[in-house]
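As structure tokens, the structure follows; a few thoughts come after it.
The values are calculated or read from the model by the stated rules, or taken from the named source; none is laboratory data. Fair warning: this is a prediction, and the values are worked out from it, not measured in the lab. Virtual Cβ from ideal backbone geometry, glycine too; neighbours counted across all protein chains shown.
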Amino acid sequence: MKAQVLSNIDEVSANEWNDLIPDNDPFCRHEFLSALERNGCVGKRFGWVPRHIALTDSGRLIGAVILYEKYNNYGEFVFDHAWHDAYNRCGMQYYPKMVSAIPYTPANGARLLSLDSQTDAVYPALLGAIKDTCKSIGASSFHCLFASKSETKWLESQNLYLRHDCQFHWHNQNYSSFDDFLQALKSKKRKNIKRERKSIADSGVTLRKLDGHSASHEDWEHFNNFYHHTFLQKSGTPTMNLDFFKEIASKIPDQIVLILAEFEDNCIAGSLMFSSDTKLYGRHWGCTEHVDNLHFEACYYMGVEHCIENKLKVFEPGAQGEHKLARGFIPTITESAHLIIGTTLKNAIKGYCEQESEYIESYINDLQSHSPYRVSM
């Protein structure tokens with residue numbers, strides 16, 4: 001086996017890369033990662049420098065790591081400000097660090113990619129290549145974010161520290177319709193959702209659900225404006241752009257779910273979601289006019305309907321948001337794994353992770369006592 005560090009994902013075959021991806025995960029696909037690179041959404045400007053690792057055997061790609069050299073923690077959604085501060089207080093450099101994650105995307109999925117039959121050989125080789133890469137650039141640490149349960153379990157067995165967090169996910173219990181889903185909820189929650197949806201139906205707002213085939217250039221221009229408007233309102237940094245959105249729409253059109261809202265012949269809001277073979281992922285939302293409950297309709301309820309219609313099992317609408325609980329999204333643990341290089345702060349960081357996990361467990365237990373469902377999920 002031979003490991004190669006890639007500064008550009010286009011150095012490997014798209015078909016071979018995609019053959020490694022479980023569940024047709026849209027964010028792991030070569031097309032998505034390539035579009036980020038080709039359209040300037042990652043790179044030195046934003047502190048996400050591609051360092052993907054490709055593992056070959058007799059010239060055939062058998063494993064890979066989605067990997068970036070990082071100089072900030074922007075767009076990671078697993079916050080390590082306290083670690084950075086601790087390094088500074090000790091007179092040490094925290095950056096660069098190595099991160100395996102999908103940029104700006106807190107979605108769960110595979111990070112260590114492997115042919116199914118070869119994980120026992122591929123995982124150790126990939127971790128070895130990651131450690132070599134960390135050493136070559138003087139990285140303080142390696143972080144594998146929002147990884148699959150099987151990956152974090154294996155990484156923990158290799159003495160990486162686990163961190164836990166909480167998101168709110170919707171699970172399809174083989175519902176036949178949105179009304180069927182509502183019947184599973186407690187009366188108060190069911191009535192509230194009906195009231196919110198009715199307010200949109202009575203508002204004069206119309207909504208369109210599009211995919212990469214049906215969305216026009218004008219549709220993507222509208223959505224790009226909403227995306228940028230959201231970040232500018234929050235004094236954030238918009239990293240994606242119109243060319244990126246149009247490229248992924250053309251490259252993975254069947255995995256795109258674009259919701260656009262119109263009022264009095266004006267496009268006023270939009271949400272963008274992506275689908276795998278079994279999951280729907282909510283990613284971006286923006287608007288130029290506020291309409292009560294429009295965010296819930298475009299980002300949650302239409303997503304739930306899409307899952308039911310297409311028999312998708314899980315809907316991950318994004319990070320955070322306790323308000324999602326009342327709308328049928330239940331608290332779910334997410335995991336990341338962390339390798340600290342050097343010994344000075346290892347014990348302190350290990351203790352931090354253990355205490356954080358205890359807090360998250362307690363937090364989720366408390367949330368579960370407020371389940372919106374008539375029968376616990």
**Complete:** Of (1) of a type in the set (Ser, Thr, Tyr); (2) touching a helix residue (DSSP H, G or I) at 6+ places or on another chain (Cβ under 9 Å); (3) free of Cβ contacts under 8 Å to residues at least 24 places away in the same chain, residue 140 satisfies every one except (3)
**Complete:** Counting only residues in the range 160-211 that are aromatic (Phe, Trp, Tyr) and within 21 Å of residue 322 (Cβ to Cβ), the one surrounded by the most Cβ atoms within 10 Å (Cβ to Cβ) is identified as 170
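Residues are listed down the side, and each one gets a yes or a no for (1) assigned by TED's automatic domain parsing to the domain that holds residue 43; (2) out of contact with any strand residue (DSSP E or B) (no Cβ under 6 Å at 6 or more places or on another chain); (3) assigned to a loop (DSSP other than H, G, I, E, B); (4) among the aromatic types (Phe, Trp, Tyr):
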| position | (1), (2), (3), (4) |
| --- | --- |
| 73 | yes, yes, yes, no |
| 82 | yes, yes, no, no |
| 94 | yes, yes, yes, yes |
| 99 | yes, no, no, no |
| 106 | yes, no, yes, no |
| 117 | yes, yes, no, no |
| 129 | yes, no, no, no |
| 135 | yes, yes, no, no |
**Message:** Here are the criteria: (1) over 21 Å from residue 128 (Cα atoms); (2) under 16 Å from the mean Cα position of the chain (by Cα); (3) in contact (Cβ under 8 Å) with a residue 24 or more places away in the chain. Tell me which single one residue 21 does not satisfy.
**Reply:** (1)
**Odd one out for residue 370, checked against (1) at pLDDT 95 or above; (2) part of a loop (DSSP other than H, G, I, E, B)** = (1)
**Every residue from the range 307-364 that is assigned to a strand (DSSP E or B) and buried (at least 19 other Cβ atoms within 10 Å of the Cβ)** = 315, 316, 330, 331, 334, 335, 336, 337, 338, 339, 340
**Request:** Give me a count of the residues in the range 186-211 that are touching a Lys or Arg at 6+ places or on another chain (Cβ under 8 Å) and assigned to a loop (DSSP other than H, G, I, E, B).
**Result:** 1
**Request:** Could you please find all residues in the range 151-185 being closer than 16 Å to residue 109 by Cα, in contact (Cβ under 8 Å) with a residue 12 or more places away in the chain and assigned to a helix (DSSP H, G or I)?
**Result:** 151, 152, 154, 155
**Fill in**
Checked the range 8-60 for anything assigned to a helix (DSSP H, G or I), surrounded by fewer than 22 Cβ atoms within 10 Å (Cβ to Cβ) and small (Gly, Ala, Ser); matches are 14, 34
